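Q: The structure's right below; bear with me while I get my questions together.
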Amino acid sequence: MRVVAVIPAYNEASRIGLAIRDALAYVDAVVVVDDCSQDQTFAVSLAEGAIVLRHVVNRGQGAALQTATDYALRFLEPDVIVHFDADGQMQAGEIAQLLEPIVQGRADIVLGSRFLGIEAENMPALRRLLLRAGVIFTVVLSGIKVTDSQNGFRALSRKAAEDIRITLDRMAHASEILDLIKVKSLRYEERPVTIRYSLDTLGKSPSNWRALGIAKDMLKKKIVR
């Protein structure tokens, strides 16, 4: 089984090298999309052995994931695509547990969760509250039940990667993916994953109040549809 990790990155030169090395220990290839960084993200990623693409304008995490997925599907012949972050919050050693339901034919997509028995490290209380609210929002809007609606650590079979096309360029893409799981009738499971917060990563994370923007983008897409 050929597994490809895709990593969206924006100004992550100081952290992405470790993320790539971590991922390459468990996957066959890593595709990084440098989302028009102003630092050395592109050069560091290339030096660490990743396939590196670059957006000429900053488009957002959702767009970077779709660019990387399109490349992987066209040129790398993956059986599974893993979404992985550039900032070191995720642990590549947990990729195997995300792959298991796909390998065994039980799921088309496996979603990581911070709320299935592995306590997220140093998660602020307000962030936890907003993530819980996101779960309720997802059930109401998309009719899909998950325990963590905004976790970016996930594994997609080739079928799921082909069926799920991200059109929301920025952070609302996580909610869009859940919506498309329902729309495309994809089988899904959740698995516990470890997410490690630090002052550094929290400083670069989207504002807690960005949740309002995510909700707005998803509602707008539903209305337009």
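Q: Being more than 17 Å from A174 (Cβ to Cβ) and of a type in the set (V, I, T), is that true of even one residue in the range 64-72?
A: For the range 64-72, residues more than 17 Å from A174 (Cβ to Cβ) and of a type in the set (V, I, T): absent.
Q: Every residue in the range 142-167 that is within 23 Å of L129 (Cβ to Cβ) and either among the aliphatic types (A, V, I, L, M) or part of a helix (DSSP H, G or I) (or both), please.
A: Once the filter is applied, which keeps residues that are within 23 Å of L129 (Cβ to Cβ) and either among the aliphatic types (A, V, I, L, M) or part of a helix (DSSP H, G or I) (or both), the range 142-167 yields S142, I144, V146.
Q: Which of the residues belonging to the range 143-176 are modelled with pLDDT of 95 or more and either in contact with a Lys or Arg (Cβ under 6 Å, 6 or more places away or on another chain) or within 22 Å of G105 (Cβ to Cβ) (or both)?
A: Those that are modelled with pLDDT of 95 or more and either in contact with a Lys or Arg (Cβ under 6 Å, 6 or more places away or on another chain) or within 22 Å of G105 (Cβ to Cβ) (or both): F153, R154, A155, L156, S157, R158, K159, A160, A161, E162, D163, I164.
Q: Out of the residues in the range 80-111 that are surrounded by fewer than 20 Cβ atoms within 10 Å (Cβ to Cβ) and touching a strand residue (DSSP E or B) at 6+ places or on another chain (Cβ under 7 Å), which is farthest from V33 (Cα to Cα)?
A: Across the range 80-111, the extreme among qualifying residues is R106.
Q: List pairs: first in the range 93-111 and more than 21 Å from I20 (Cβ to Cβ), second of a type in the set (F, W, Y), Cβ under 9 Å, 6+ apart or cross-chain?
A: What qualifies is P101/Y188; A107/Y188; D108/Y188; I109/Y188; V110/Y188; L111/F153; L111/Y188.
Q: Let me ask you something else. Say whether the condition of being under 28 Å from G88 (Cβ atoms), at pLDDT below 80, part of a loop (DSSP other than H, G, I, E, B) and hydroxyl-bearing (S, T, Y) is met by at least one residue in the range 206-213.
A: Yes, the range 206-213 contains at least one residue that is under 28 Å from G88 (Cβ atoms), at pLDDT below 80, part of a loop (DSSP other than H, G, I, E, B) and hydroxyl-bearing (S, T, Y).
Q: Taking the range 171-188 as the region of interest, how many residues are surrounded by fewer than 16 Cβ atoms within 10 Å (Cβ to Cβ) and either in contact (Cβ under 8 Å) with a residue 40 or more places away in the chain or assigned to a loop (DSSP other than H, G, I, E, B) (or both)?
A: Total satisfying the criteria: 3.
Q: Only one residue in V56, V140 is more than 21 Å from V193 (Cβ to Cβ), at pLDDT below 95 and surrounded by fewer than 17 Cβ atoms within 10 Å (Cβ to Cβ). Which one?
A: V140
Q: Of these, V33, V44, which one is in contact with a helix residue (DSSP H, G or I) (Cβ under 6 Å, 6 or more places away or on another chain), on the phi < 0 side of the Ramachandran plot and assigned to a strand (DSSP E or B)? Lay out the reasoning, then the answer.
A: Details: V44 fails: assigned to a strand (DSSP E or B).
None of the other options fit; the residue is V33.
Q: Could you please find all residues in the range 27-52 being more than 16 Å from the chain's Cα centre (by Cα) and crowded, with 18+ Cβ neighbours inside 10 Å?
A: Narrowing the range 27-52 to residues more than 16 Å from the chain's Cα centre (by Cα): 28-29, 36-52.
Those that are more than 16 Å from the chain's Cα centre (by Cα) and crowded, with 18+ Cβ neighbours inside 10 Å: A29, S37, T41, F42, V44, S45, E48, A50, I51, V52.
The values are calculated or read from the model by the stated rules, or taken from the named source; none is laboratory data. These figures come from a predicted structure and were not determined experimentally. As a convention, Cβ positions derive from the backbone with ideal geometry for all residues, glycine included, and neighbour counts pool all protein chains shown.
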